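Step one of this worksheet: look at the structure below.
Each value in this text was obtained by applying a stated rule to the coordinates, not by laboratory testing. Remember, it's a predicted structure, so these values are computed and weren't measured experimentally. Glycine gets a Cβ as well: all are built from the backbone with ideal geometry, and neighbour counts include every protein chain shown.
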Amino acid sequence: MIYNILIVDDEEGIRMAIKRALEKHRIDFPFLDEPIKLSLYEAESAERALEILSDTHMDIILLDNKLPGMQGIDIMPYLNEHYPDTKILIITSFASLDIALEATKHGAFDFIPKPFTPQELKNAIEIASKQIYLNSIIKDRIKEARKNTLQISFYFVA
């Protein structure tokens, strides 16, 4: 299993540091046969992120709030509407309670103030990944239950 992660930050050094921290990281759950691998993508602006998202499904977006042009929080309503299953983690140097509340109000899964350690980043990614995985199991179970309900309904009608 591979999860796609989009790193959106205007600072190339931050993007490279995040890539270094995550490129060999694997997420292991006791109930998985093999660990989840991470495939990493980069964007230096919100506009470039939207281009990448139009071509590639992302499971997680690491989104800087201070970007050239459009701010990270400004694109969150669009992201939530068009990519509701994608987990958005806000990363910012300008961390404040107001920004954290605003990000949460706009649907951020997590808020990571810079500077952060590689372990803090990995922990946040693991929590988001577990949520994604559990949500996929729930969706599969709901589909299966609906399918079984339709089959039972058909038997009663027939």
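May I ask you to compute the full-extension gain from Leu50 to Asn80, defined as 0.36 nm times their residue separation minus their alpha-carbon distance, rounded to one decimal in nm?
The Leu50-Asn80 span can extend by a further 9.6 nm.
Only Lys, Arg, Asp and Glu count, each charged at its Cβ (+1, +1, -1, -1), so figure out the dipole size of segment 1-157 about its Cα centre, rounded to 20 debye.
Approximately 660 debye in magnitude.
What's the exposure ranking of Phe109, Phe94, Phe31, going from fewest to most Cβ atoms within 10 Å?
Phe31, Phe94, Phe109
Counting only DSSP beta bridges with both residues in segment 2-157, what percent are antiparallel, rounded to the nearest 5?
Working: 2 of 22 bridges.
The antiparallel proportion sits near 10 percent.
Relative to the longest principal axis of the chain, what angle (0 to 90°, nearest 10) does the C-alpha long axis of helix 12-22 take?
Result, in degrees: 40.
To make sure I understand, if each residue's beta carbon is the centre and we count other beta carbons within 10 Å, what order do Leu89, Leu50 fall in, fewest to most?
Leu50, Leu89
Residues with beta-carbon under 13 Å from that of Pro84, excluding Pro84: net charge, scoring Lys, Arg +1 and Asp, Glu -1?
Net of charged neighbours comes to -1.
Pairing the Cα long axis of helix 72-82 with the longest principal axis of the chain, what angle in degrees results, from 0 to 90 and rounded to the nearest 10?
20 degrees
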